[in-house]
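Shown next, in structure tokens, is the structure this report addresses.
The values are calculated or read from the model by the stated rules, or taken from the named source; none is laboratory data. Please read these numbers as outputs of a predicted model, since none were measured by experiment. Here Cβ is always computed from backbone atoms with ideal geometry, including for glycine, and neighbour counts include all displayed protein chains. The area values use the complete protein model at the heavy-atom level, side chains included, leaving out ligands, DNA and RNA. Shrake-Rupley method; radii C 1.70, N 1.55, O 1.52, S 1.80 Å.
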Amino acid sequence: MKNDIHDQVSTYYGETLQTSADLKTTACCTDIEYPRHIKDILSDLHDETMSKYYGCGLTIPTTLEGLRVLDLGSGSGRDCYVASKLVGENGHVIGVDMTDEQLKVANDHKQYHADKFGYANVEFQKGNIEELSRLDIENESLDLIISNCVINLATDKKAVLQGAYDLLKEGGEIYFSDVYSDRRIPQDLIDDPVLYGECLSGALYWNDFLTISKEVGFLDPRTVSSNKIGIEDEKLAEKIGNINFYSVTYRLMKLPKLESDCEDYGQAVRYKGTIEHNKDAFELDDHHLFEAGKIKTVCGNTYMMLNDTRFKEHLDFWGDFSTHYGIFEGCGGSAPFSSDNTNSDEAAPCC
């Protein structure tokens, strides 16, 4: 069954689809408006690299200069070549894909993009993203892993995330968009090759994704953005029924000391406004926007995500972990008991 799905996916993206216009849903899209510097890079890419890219949107974070980056399911190489420009001559980008037709497009235009950018820093490897250990990449050698609507096509999502965790350096991250459902998908829909190829029936139930992420070591998954997916094809919509699908961008950081909840240690940070193209504000996730020059209190996990990663040089930090003040108000969970004894005016006895 597993190999059958891999064959179906390879056929769908290697033969059935000819351009992104052949997609039947918006599942492979991210709800994002490209900033000017990204539009400029995209305008420099080879026409075939663009037309054979089966998706829309872009899933690449900020602060990439000099990083070693892996793109999971790199397809025609579009995102790899964008990342090539962003990491610069001292960075390196690796794309992995299992589809020969897509890899050929990506490799055919390596020299074209090297000539455009003035350096060659991109390579492509054939492989299955469920078997990242088989790639010619050392463990703990990557700063960043990106992926755009590909992990849902894998039959073993936990293997993908575990492989990503193993390849990342401590302080590195996987930053990716993918499709999630509001319930577990029944087997008859998983077996549908079109629904699977359209990135729908292979989607994880969102709560299962959070559980798996934490099990492999990504202890505090952060949502960056999310939007509901529209299913305009009537036949597909009828098959899906009441299941809702969402396109979500997550950042998962490899920081082994992260806690299971947001704890308060009296810490604060101030963004310096030094990240290129993000002078006014820096967004860590969908509920942490740091305006330049403004001091903001943060939980211990957020403090580590900023202080123990590539973002450190762009912020000022106050506090340490010497004093714990309980759960971080408005961010962490709540105590599993009431602070009021509603049944009696007397104090509760000690247990």
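Here's the yes/no breakdown for (1) within 30 Å of residue 73 (Cβ to Cβ); (2) in a loop (DSSP other than H, G, I, E, B); (3) of a type in the set (A, V, I, L, M, F, W, C):
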| position | (1), (2), (3) |
| --- | --- |
| 195 | yes, no, yes |
| 200 | yes, yes, yes |
| 209 | yes, no, yes |
| 256 | yes, yes, no |
| 269 | no, no, yes |
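Taken residue by residue, the stretch 279-301 has at least one member that is modelled with pLDDT of 95 or more, in contact with an Asp or Glu (Cβ under 6 Å, 6 or more places away or on another chain), open to solvent by less than 20 Å² (accessible area, probe 1.4 Å) and not in a loop (DSSP other than H, G, I, E, B). Checking every residue in the stretch 161-171 against the condition of being farther than 23 Å from residue 285 by Cβ and of a type outside the set (Val, Ile, Thr) gives at least one match.
Suppose we keep only residues that are of a type in the set (Ser, Thr, Tyr) and open to solvent by 20 Å² or more (accessible area, probe 1.4 Å) within the stretch 246-260. Which one would you say is modelled with the highest pLDDT? Full working, then the answer.
At the first step, the residues of the stretch 246-260 found to be of a type in the set (Ser, Thr, Tyr) are 246-247, 249-250, 260.
Keeping just the survivors that are open to solvent by 20 Å² or more (accessible area, probe 1.4 Å) gives 246, 260.
Numbers: 246: 96, 260: 93.
Filtering the stretch 246-260 for residues that are of a type in the set (Ser, Thr, Tyr) and open to solvent by 20 Å² or more (accessible area, probe 1.4 Å), the one modelled with the highest pLDDT comes out as 246.
The residue list 141, 51, 74, 43 contains one member that is of a type in the set (Ser, Thr, Tyr) and in contact with an Asp or Glu (Cβ under 6 Å, 6 or more places away or on another chain), which is 74.
For (1) open to solvent by less than 50 Å² (accessible area, probe 1.4 Å); (2) modelled with pLDDT under 95; (3) of a type outside the set (Val, Ile, Thr); (4) at positive phi, each residue gets a yes or a no:
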{"site": "53", "(1), (2), (3), (4)": "yes, yes, yes, no"}
{"site": "64", "(1), (2), (3), (4)": "yes, no, yes, no"}
{"site": "77", "(1), (2), (3), (4)": "yes, no, yes, yes"}
{"site": "85", "(1), (2), (3), (4)": "no, no, yes, no"}
{"site": "106", "(1), (2), (3), (4)": "yes, no, yes, no"}
{"site": "109", "(1), (2), (3), (4)": "yes, no, yes, no"}
{"site": "135", "(1), (2), (3), (4)": "yes, no, yes, no"}
{"site": "148", "(1), (2), (3), (4)": "yes, yes, yes, no"}
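Applying a threshold of 9 Å to beta carbon distances and a minimum spacing of six or more residues, or different chains, the list of pairs starting in the stretch 230-253 at a residue that is of a type in the set (Val, Ile, Thr) and ending at one that is part of a helix (DSSP H, G or I) reads 231/237; 231/240; 240/189; 240/195; 243/189; 248/206; 248/209.
Hey, among 131, 140, which residue is at positive phi, surrounded by fewer than 21 Cβ atoms within 10 Å (Cβ to Cβ) and either modelled with pLDDT under 95 or not small (Gly, Ala, Ser) (or both)? Step through it out loud before you land on a result.
Working: 131 fails: at positive phi.
On inspection, the qualifying residue turns out to be 140.
Regarding residue 314, is this residue modelled with pLDDT of 95 or more and open to solvent by 50 Å² or more (accessible area, probe 1.4 Å)? Walk me through how you get there before you give the answer.
Numbers: modelled with pLDDT of 95 or more: yes; open to solvent by 50 Å² or more (accessible area, probe 1.4 Å): no.
Considered against the rule, which asks whether it is modelled with pLDDT of 95 or more and open to solvent by 50 Å² or more (accessible area, probe 1.4 Å), residue 314 comes out as no.
For the stretch 147-166, which residues satisfy the criterion of being part of a helix (DSSP H, G or I) and either over 19 Å from the mean Cα position of the chain (by Cα) or of a type in the set (Asp, Glu) (or both)?
166
Looking at the stretch 167-189, is at least one residue surrounded by 18 or more Cβ atoms within 10 Å (Cβ to Cβ), in a loop (DSSP other than H, G, I, E, B) and touching a helix residue (DSSP H, G or I) at 6+ places or on another chain (Cβ under 8 Å)? No.
Of the residues making up the stretch 216-245, those that are buried (at least 18 other Cβ atoms within 10 Å of the Cβ), among the β-branched types (Val, Ile, Thr) and either within 14 Å of the chain's Cα centre (by Cα) or over 22 Å from residue 164 (Cα atoms) (or both) are 224, 229, 231, 240, 243.
Return yes or no: is residue 226 part of a helix (DSSP H, G or I) and not aliphatic (A, V, I, L, M)? If you could, list the steps in order and put the result at the bottom.
Details: part of a helix (DSSP H, G or I): no; not aliphatic (A, V, I, L, M): yes.
Considered against the rule, which asks whether it is part of a helix (DSSP H, G or I) and not aliphatic (A, V, I, L, M), residue 226 comes out as no.
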